[in-house]
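Student: Got a structure here, written out as structure tokens. Questions coming.
The values are calculated or read from the model by the stated rules, or taken from the named source; none is laboratory data. Given the structure is predicted, the values throughout are model-derived calculations rather than measurements. Neighbour counts are summed over all protein chains in view; Cβ atoms, including those assigned to glycine, are modelled from backbone coordinates with ideal geometry.
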Amino acid sequence: MKAETNNPHLAVIIREEREKRNLTQEHLAELSELSCRTIQRLESVGTHSQETLMAVAEAFGLDCKDLLRLAEDEARKSSAALKEAFAFVAMVRKQTGKAILDLLTGCHVIQPDYAENLSNNQNLCITATLALIHDISEILHEVSPSDYLALAGELKEKLTELKRLRVAIFAGSYIGRIGLHQGKELKLRVAVFLLTSITDPRIRRSGIGEESINGIIPKDDLSPRKSFWE
């Protein structure tokens, strides 16, 4: 069996090169002596073997290296556009109430999210925890040191309950934007919370035992449930 790889950026280039030459997928398949299904897979997700790429490149009158170089250029453009439109947030697991309070300090907006396919008990605890975090954020700027410690204790109790239910809470922050009139925008620091199972495969563990999940969040939409997790 021929080794195949996927390259979505190559898929874009193949489609563009075909359309530049006013070729249909069927015509390209004929010129490259490949099946129509192979061309469709190549243009959808970039699935290809070395032999497939060579055949298509020859049909275009190009070298394989030309197509791969164009795919690399497309990847760089896509990466730049992604960085412009999205904020990349390292979501670190929070295991103390103080850690959550420290994050909330200085933040203006809370953006909660949670994993799907959790049990009813897990969802109930998550809902109660997020409600507590929201309520605390509303009063945090005016609490006394003793109240601060009391709030940290309340959060710790929720964290203990979450842990018993095998749920972890990850959090981070970023600078978000809200569009205003006349092209102006308001920048706010957003605290992002993700609650998910401790067995979530997206969790990354460092050599020093720190757990994290990477978040990709639209910079210009601060509404809840608008985040995507890697």
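Student: Taking region 22-78 only, how many residues are touching a helix residue (DSSP H, G or I) at 6+ places or on another chain (Cβ under 8 Å) and either basic (Lys, Arg) or on the phi > 0 side of the Ramachandran plot (or both)?
Tutor: Number satisfying all stated conditions: 2.
Student: From the list ALA80, ALA59, ALA90, exactly one residue is surrounded by 12 or more Cβ atoms within 10 Å (Cβ to Cβ) and either part of a helix (DSSP H, G or I) or touching a Pro at 6+ places or on another chain (Cβ under 8 Å) (or both). Which is it?
Tutor: One residue alone meets the criteria, ALA59.
Student: OK, next. Can you tell me which of (1) in the same structural domain as GLY153 (by TED's automatic domain parsing); (2) over 19 Å from the mean Cα position of the chain (by Cα) is the one ASN117 doesn't meet?
Tutor: (2)
Student: Cβ contacts < 6 Å: first residue over 16 Å from ILE13 (Cα atoms), restricted to region 73-94; second residue among the charged types (D, E, K, R), any location; separation 6+ or different chain. Result?
Tutor: Sorted first by the residue in region 73-94, then by its partner, the pairs are ALA87/LYS219; ARG93/GLU211.
Student: Can you pull out the helices (runs of 4 or more DSSP H) entirely within region 1-55 that have at least 3 residues that are closer than 20 Å to LYS77 by Cβ?
Tutor: Fully inside region 1-55 and qualifying: 8-20, 36-45.
Student: Does any residue of region 67-76 turn out to be surrounded by 16 or more Cβ atoms within 10 Å (Cβ to Cβ), in a helix (DSSP H, G or I) and in contact with a strand residue (DSSP E or B) (Cβ under 9 Å, 6 or more places away or on another chain)?
Tutor: Within region 67-76 (the criterion being surrounded by 16 or more Cβ atoms within 10 Å (Cβ to Cβ), in a helix (DSSP H, G or I) and in contact with a strand residue (DSSP E or B) (Cβ under 9 Å, 6 or more places away or on another chain)), the answer is no, since none of the residues qualifies.
Student: Inside region 112-129, can you point out the residues that are farther than 15 Å from ALA99 by Cα, touching a residue at least 12 places away in the same chain (Cβ under 8 Å) and assigned to a helix (DSSP H, G or I)?
Tutor: Once the filter is applied, which keeps residues that are farther than 15 Å from ALA99 by Cα, touching a residue at least 12 places away in the same chain (Cβ under 8 Å) and assigned to a helix (DSSP H, G or I), region 112-129 yields ASN121, GLN122, CYS125, ILE126, ALA128.
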